[in-house]
Amino acid sequence: MKISIQDISKRYNKDKYALKDFSLTIETGILGLLGPNGAGKSTLMKIIATISQPTSGTIELDGTNIQKDPDHIRKVLGYLPQDFGVYANLNAYEFLEYIAAMKGVGGSGLRKRVEALLEGVNLTESAKLPIGTYSGGMKQRIGIAQALLNDPKVLIFDEPTVGLDPEERMRFRNLISDLAQTSIIILSSHIVSDIETIADEVAIMQGGTLITTGTQAAVIKQVDGKVFEVLLENSALSDFKSKNLVVNTSRQNDKVLARYISNHPAPGSTPSPASLEDAYLFLTHNNN
Amino acid sequence: MGEFYQIVVSDYKQRTRSYAFLVTLAISLYFAYSFVPLPNAEYTTVRAGNYIGVQNSAWLGYVTAMMCSIFLSMIGFYLINSGIKKDTDTGVGMIIATTSVSNFKYLLAKTVSNFLVLLSIAATAFLMSIGLFLIRHAGYPFQVSQFVLPYLIITLPSLFFVSALAVVAEVFLYRYTILMNIGYFFLFTFIVSQQLFIAPALDVFGVKPVTVALHETVKQHYDSTNNEVSMGYIFGHRNPRSTFVFNGITWTAAIIGARLLYMFGSLLLVLASSRFFHRFDIKQRFKSKTRKKLSAIIAPVQPLHDIKLSELPAITPAYGIAPFIKTELLMLIRKGPRWLWLINLGGMVALAVAPLSIAHQMILPGLWFLQVARWSDLATKEKTNRIHYFSYASYKPLTRLLPAQILAGIILALALASPLLVRCLIGGYLSAGLNIIMGGIFIVLFAVAAGMLSGGKKLFEILFFLATYVNLEKAPVADYFGGMNGGTAYTVLIAGCIGLLAVMSFMLRKFELSRI
């Protein structure tokens, strides 16, 4: 299975682009989308999910243009939007069966599948209560369950871990790792560690364009040998920040340990292994 | 004062930048134009017996001001009665609740904002009345005070009262919008029906001094016993030669004082309601049993289990729309308080036992109007509930989901009308039965099209209210269900409207799907 994105642009007005000449090929496995707010991640996901139309460019799923034939991807799509809602008067069973009807799936196994999914997201006990009574985390679980209703081959998760606690996040990562064996999974998150632990490939976006893409190792390699740590006086931190890209600071007694990225390390610095977060911050900073 | 001003201005901008406002403005302009009919028109709006005024400044100014006072009080309430709800839905209210803005200041700002919205519409009606005077050019002198004073003294206090009433209604009935909408309909209908007999102190719309003056003027000019003043769109029954000269009234301190008292009373209402305002501390209401059950469940939320997709029960393709219709019907039925279904059942019983003409002309439109909140967001609820991310990415949303929503709405309309339909069938009134079925289809499609056109439910609510009121007044112009009209031409006309609305609905949804 392969999604080919060719020169996609989404223009809002003459000078404002949400996406500009974006090209990428996505194959089975997990693609992590990283980028600051306004980078175009959600727009790209909406276009792939056929909710939004690009101004120009094409997207193909296994050779079929999904703008011309959106139902080709819709049949195999599981989509969890960033900011979705629910019908407050329906209970979890009713809501999931409604979504199943939307996706065009049914049959005798549907009820059992809904029950299994509700058990999986641990909502069985509250499944007969109106969804309007659910907490934010419970609604997010309903969102995850609906994305899996139709045996999806393309899964798009936009900020899926919002509202989930650390243990739930870990379970979610396990879940999509399992799914990635047979499906294309596109995942966006502000939490780099969520991407770092599960994504096979990473795409870093900024200002509607693709800065870099590749395996995690390939992306991290771009900052190899440029990450350092140095112990500074409190008073020197501000000046140091103005001259270097400081990615993290931590207090150590009456001093500050600064982690930074530079081609020219400051005196007293020690090299540190690069992480995906370092690469992300370095690349988006350089692209500004 | 700065924060008060900011709330008013922001709220006003937010509301006037909506399609519902623009459409209401356009409708108001049309009605403002019709407030003073031409001498050879087939209807009158204000008349004293068989007499109408000549088209001088006073007649145009007073008649449009009075009609505007009543008309805007009628539809304006529906346009402005969700200012607080908007703040609740958007979360802005939570931010306001954490500021030093007092309850009274906030509610007063909402009242003023409501008032400004209605004032904007009244201003266009005012300009229209002057424009009509200049265009018709009947040879009478232009007297600006005959336009300004009636609007200032009659219309503005009424609009301020309605603005305050909308805020008070939101404070007390914020969980019962259906009750608010329907309750106002009956309140308004009652007040208007009593308008000509009411004591001056209860003259909400401020028209009593003028109707008394009209009555007296006609009495002086003509020795006629038939000089009772009537207001509203009255078709036929008038002699075009019977005119009189109306030169306005003397605005006494008592009249002005009474109108100011209404505005002051409105402020007192807002002040009193501020003591009960929830200040956005709104909790989901449950019946005690559900709440108990829920607290037991929510407290120990368990983490996600491991889900193996490959081990989940298999599903098969199912592209029918029956599950949609079932769920849409379920949502229609569950919407609103349960006791409303008792009233619906009462209405259905009345349809079964009342004289046929009353059941068809009066009870059916009333019963259907009770469903206004169920139908008003039939095709817009995806967006307001942010479900459209799912539905617009679903399999064939245009040809599956939208027809299901329309069908569910029609099923509800026809189920409610079923006792009357059965009577028509038994009595052999097949044409009347057909008109009722088409009326049900028409009103549902109208709700869908108006919702998608305006992007919300307000437009439909306002127009449905207007149509129901006009129907209960037995004016045939808004008869969509064959209560007063009949014959092949009428049936063809409604069928054409249905076709047009259906095409419009599908085109609008197609446009929505391409523009999200």
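Quick look at the numbers
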{"item": "Count - residues of region A:150-162 that are more than 18 Å from A:ALA39 (Cβ to Cβ) and at pLDDT 90 or above", "result": "4"}
{"item": "Search result, residues across region A:245-282 that are free of Cβ contacts under 8 Å to residues at least 40 places away in the same chain and assigned to a loop (DSSP other than H, G, I, E, B)", "result": "A:ASN253, A:ASP254, A:SER262, A:ASN263, A:HIS264, A:PRO265, A:ALA266, A:PRO267, A:GLY268"}
{"item": "Positions within region B:434-458 being small (Gly, Ala, Ser) and surrounded by 20 or more Cβ atoms within 10 Å (Cβ to Cβ), in sequence order", "result": "B:GLY439, B:GLY440, B:ALA447, B:ALA449, B:ALA450, B:GLY451, B:SER454, B:GLY456"}
{"item": "Options B:GLY49, B:GLY61, B:GLY2, B:GLY53: the member that is surrounded by 23 or more Cβ atoms within 10 Å (Cβ to Cβ) and of a type in the set (Gly, Ala, Ser)", "result": "B:GLY61"}
{"item": "Residues within region B:398-441 that are part of a helix (DSSP H, G or I) and among the charged types (D, E, K, R), tallied", "result": "1"}
{"item": "Subset tally (residues that are surrounded by 17 or more Cβ atoms within 10 Å (Cβ to Cβ) and among the polar types (S, T, N, Q)) for region B:470-487", "result": "1"}
{"item": "Which listed residue, of A:ALA18, A:ALA101, is in contact (Cβ under 8 Å) with a residue 12 or more places away in the chain and of a type outside the set (S, T, N, Q)", "result": "A:ALA18"}
{"item": "The lone exception for B:PRO200 - which of (1) in contact with a helix residue (DSSP H, G or I) (Cβ under 8 Å, 6 or more places away or on another chain); (2) of a type outside the set (Phe, Trp, Tyr); (3) buried (at least 16 other Cβ atoms within 10 Å of the Cβ) it fails", "result": "(3)"}
{"item": "Within region B:389-413, considering residues that are away from chain A (no Cβ under 11 Å) and small (Gly, Ala, Ser), the one farthest from the chain's Cα centre (by Cα)", "result": "B:ALA408"}
{"item": "Flag if A:VAL227 is assigned by TED's automatic domain parsing to the domain that holds A:ASN253, buried (at least 22 other Cβ atoms within 10 Å of the Cβ) and in contact with a strand residue (DSSP E or B) (Cβ under 7 Å, 6 or more places away or on another chain)", "result": "yes"}
{"item": "Residues within region B:306-349 that are closer than 19 Å to A:LEU117 by Cα and of a type in the set (Asp, Glu), tallied", "result": "2"}
{"item": "Residue match in region B:317-339 (condition: touching a helix residue (DSSP H, G or I) at 6+ places or on another chain (Cβ under 9 Å), facing another protein chain (nearest Cβ under 9 Å) and acidic (Asp, Glu))", "result": "yes"}
{"item": "Subset tally (residues that are small (Gly, Ala, Ser), assigned to a helix (DSSP H, G or I) and over 17 Å from B:ILE437 (Cβ atoms)) for region B:353-375", "result": "3"}
{"item": "Residue satisfying all of: in region B:65-91; touching a Ser or Thr at 6+ places or on another chain (Cβ under 9 Å) and farther than 20 Å from B:THR189 by Cα; surrounded by the most Cβ atoms within 10 Å (Cβ to Cβ) among these", "result": "B:GLY83"}
{"item": "Qualifying residues in region A:81-111 (those that are in a strand (DSSP E or B) and facing chain B (nearest Cβ under 8 Å)) - the one surrounded by the most Cβ atoms within 10 Å (Cβ to Cβ)", "result": "A:VAL105"}
{"item": "Region A:201-251, subset among the basic types (Lys, Arg) and under 16 Å from A:TYR280 (Cα atoms), residue farthest from the chain's Cα centre (by Cα)", "result": "A:LYS226"}
{"item": "Whichever residue in region A:149-179 is more than 8 Å from chain B (Cβ to nearest Cβ) and either touching an Asp or Glu at 6+ places or on another chain (Cβ under 7 Å) or over 26 Å from A:MET102 (Cβ atoms) (or both) and, among such residues, is surrounded by the fewest Cβ atoms within 10 Å (Cβ to Cβ)", "result": "A:PRO166"}
{"item": "B:LEU294 vs. criteria modelled with pLDDT of 95 or more and not in a loop (DSSP other than H, G, I, E, B)", "result": "no"}
{"item": "Residues (more than 22 Å from A:LEU33 (Cβ to Cβ) and buried (at least 17 other Cβ atoms within 10 Å of the Cβ)) located in region A:246-271", "result": "A:VAL246, A:VAL256, A:ALA258, A:ARG259, A:TYR260, A:PRO265, A:SER269"}
{"item": "Sole exception among (1) in a helix (DSSP H, G or I); (2) more than 23 Å from the chain's Cα centre (by Cα); (3) under 22 Å from B:THR211 (Cβ atoms) for B:ILE52, by number", "result": "(1)"}
{"item": "Any chance A:GLN67 is in the same structural domain as A:LEU148 (by TED's automatic domain parsing), farther than 22 Å from A:ILE131 by Cβ and either surrounded by fewer than 21 Cβ atoms within 10 Å (Cβ to Cβ) or touching a helix residue (DSSP H, G or I) at 6+ places or on another chain (Cβ under 7 Å) (or both)", "result": "yes"}
{"item": "Residue among A:GLY143, A:GLY78 that alone is in contact (Cβ under 8 Å) with a residue 40 or more places away in the chain, more than 7 Å from chain B (Cβ to nearest Cβ) and in a strand (DSSP E or B)", "result": "A:GLY78"}
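So that you can scan it fast, the table gives a plain yes or no per residue for (1) over 18 Å from B:LEU401 (Cβ atoms); (2) surrounded by fewer than 23 Cβ atoms within 10 Å (Cβ to Cβ):
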{"residue": "B:PHE460", "(1), (2)": "yes, no"}
{"residue": "B:ALA489", "(1), (2)": "yes, yes"}
{"residue": "B:GLY496", "(1), (2)": "yes, yes"}
{"residue": "B:ARG509", "(1), (2)": "no, yes"}
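The values are calculated or read from the model by the stated rules, or taken from the named source; none is laboratory data. Quantities reported herein were computed from a predicted structural model and do not represent experimental measurements. Counting neighbours? That spans all protein chains shown, and the Cβs are built from the backbone with ideal geometry, glycine included.
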